[in-house]
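Everything below concerns the one structure shown next.
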Amino acid sequence: MKPSLSTSIGSIQIERPTMLASGILGISLDVFNRIYNAGAGAVVTKSLSKEPWEGYPNPTIFSVKGGGWLNAIGLSNPGAPYFAKMISQNKEIPIIVSLVGSVEDDFTFMIKQFESCKILAFELNLSCPHVEKVGLEVGDDPELVKKIIKKIKSVTKTPIIAKVGLGTTNYLDTVLAAQESGADAITAINTLRAMAIDVETERPILSNKIGGLSGTPIKPIAVRCVYEISTMYDIPIIGCGGVSSWEDAVEFILAGASAVQLGSIVGDNWLSVFDDINNGITKYMEKKGFSKIEEMIGRAKRF
């Protein structure tokens, strides 16, 4: 019998373990449909705010040596109310809505916009490294994380995923705060604070100077974080950071992830990457004798 690629992230169930990461390929329902049909188990939206944000002026993205990207888009988005109307007709696509804010009321306002929408979960962006007063500044404050998640859990039964990153405090404290306040899962990790300078103009390349590093350079760090979280806490994990092949996806799963998110590689290779990675995982499972993803999760912790 062919192995099953379906997986559970707590109460969240998806048909395939590969997701589109937040911030990739815009916010069009038509594009989401194409991504899902191309093999993604779920689609995570761009991070949405209470009101529309324009983001930063160009240049906002830069390719780095050795693979990977440096970006500071500035979380540009049309706002949660507009986006909720746009996906109100969604029937089948497993959509995870990413939200960003600075206080509890920001999040509860946005959550309420989606009350009549068919969505799989909310992912709280607690780790954007290049926008002030949101993202890492929120994630670096475990007590604020607790307040936000507890408030959200009081107004919705939709599963809550906390996306954590590496900031100025121990990210594991943020994970613990999220778990204790009722988060259903963790996404680890976000991009890492980084920058690049043009040696000819002698100026920072990004308009915001500091951006977030993504792609293959951060994968070993992301795998380490998933392993640490899985070892220390009993909470489902979605691995994110530098997945570009089926081997990368399997590595995250063996470290303790129940699913993985794809970001930079989708921009490089468009949509075929989901099917390629899913097929690679299937062949690996057949070779190793695994019948379901659950049997693989965290096996590296045996040693």
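For the condition surrounded by fewer than 18 Cβ atoms within 10 Å (Cβ to Cβ), under 24 Å from Ile35 (Cβ atoms) and in contact with an Asp or Glu (Cβ under 9 Å, 6 or more places away or on another chain), what is the one hit in Lys85, Lys118, Lys91? After applying the criteria, what remains is Lys118.
Among the residues here, Asn208 qualifies as modelled with pLDDT under 95, more than 15 Å from Gly165 (Cβ to Cβ) and not hydroxyl-bearing (Ser, Thr, Tyr).
When the range 170-228 is examined, which residues are found to be part of a loop (DSSP other than H, G, I, E, B) and either of a type in the set (Phe, Trp, Tyr) or within 21 Å of Leu262 (Cα to Cα) (or both)? Can you show your working first?
From the range 170-228, those part of a loop (DSSP other than H, G, I, E, B) are 170, 181-184, 189-191, 195-196, 199-202, 205-210, 215; that's our starting set.
If the condition is that a residue be part of a loop (DSSP other than H, G, I, E, B) and either of a type in the set (Phe, Trp, Tyr) or within 21 Å of Leu262 (Cα to Cα) (or both), then Asp184, Ile189, Asn190, Thr191, Gly215 are the ones that fit.
Answer yes or no: is there a residue in the range 187-209 that is out of contact with any Leu (no Cβ under 6 Å at 6 or more places or on another chain), at positive phi and in contact (Cβ under 8 Å) with a residue 12 or more places away in the chain. Within the range 187-209, one or more residues are out of contact with any Leu (no Cβ under 6 Å at 6 or more places or on another chain), at positive phi and in contact (Cβ under 8 Å) with a residue 12 or more places away in the chain. If I filter the range 152-164 for residues that are modelled with pLDDT under 90, surrounded by 20 or more Cβ atoms within 10 Å (Cβ to Cβ) and under 16 Å from Phe109 (Cβ atoms), do I get at least one hit? So far as the range 152-164 goes, no, none of its residues is modelled with pLDDT under 90, surrounded by 20 or more Cβ atoms within 10 Å (Cβ to Cβ) and under 16 Å from Phe109 (Cβ atoms). Among the residues of the range 281-303, those that are part of a loop (DSSP other than H, G, I, E, B) and loosely packed, with under 12 Cβ neighbours inside 10 Å comprise Gly289, Phe303. When Val97 is tested against (1) surrounded by fewer than 17 Cβ atoms within 10 Å (Cβ to Cβ); (2) touching a strand residue (DSSP E or B) at 6+ places or on another chain (Cβ under 6 Å); (3) β-branched (Val, Ile, Thr), only condition (1) is not met. Within the range 1-34, restricting attention to residues that are of a type in the set (Val, Ile, Thr) and modelled with pLDDT of 95 or more, the residue that is farthest from Ser88 (Cα to Cα) is Thr7. For the range 1-19, the count of residues that are surrounded by 16 or more Cβ atoms within 10 Å (Cβ to Cβ) and in contact with a Cys (Cβ under 9 Å, 6 or more places away or on another chain) is at least one. Give the residues of the range 95-109 that are among the aliphatic types (A, V, I, L, M) and within 23 Å of Val43 (Cα to Cα), sorted by residue number. If the condition is that a residue be among the aliphatic types (A, V, I, L, M) and within 23 Å of Val43 (Cα to Cα), then Ile95, Ile96, Val97, Leu99, Val100 are the ones that fit. One residue stands out in the range 65-74 among those that are surrounded by fewer than 17 Cβ atoms within 10 Å (Cβ to Cβ) and in contact (Cβ under 8 Å) with a residue 24 or more places away in the chain: the one that is nearest to Val145 (Cα to Cα), namely Gly67. Here the condition is being within 28 Å of Lys147 (Cα to Cα) and either surrounded by fewer than 21 Cβ atoms within 10 Å (Cβ to Cβ) or touching a Phe, Trp or Tyr at 6+ places or on another chain (Cβ under 7 Å) (or both); of Asn37, Asn77, Asn58, it holds for Asn77 alone. Suppose the filter is among the β-branched types (Val, Ile, Thr), assigned to a loop (DSSP other than H, G, I, E, B) and within 22 Å of Ile238 (Cα to Cα); does Ile111 pass it? In short, no.
The number of residues in the range 251-275 being surrounded by fewer than 18 Cβ atoms within 10 Å (Cβ to Cβ), out of contact with any Asp or Glu (no Cβ under 9 Å at 6 or more places or on another chain), part of a helix (DSSP H, G or I) and without any contact (Cβ under 8 Å) to a residue 60 or more places away in the chain comes to 1. Here Thr201, Thr169, Thr174 are screened, and the one residue that is polar (S, T, N, Q) and crowded, with 22+ Cβ neighbours inside 10 Å is Thr174.
The values are calculated or read from the model by the stated rules, or taken from the named source; none is laboratory data. If you're wondering where the values come from, they're calculated on a predicted model, not measured in any experiment. Ideal geometry is used to build each Cβ from the backbone, glycine not excepted, and the neighbour counts take in all protein chains shown.
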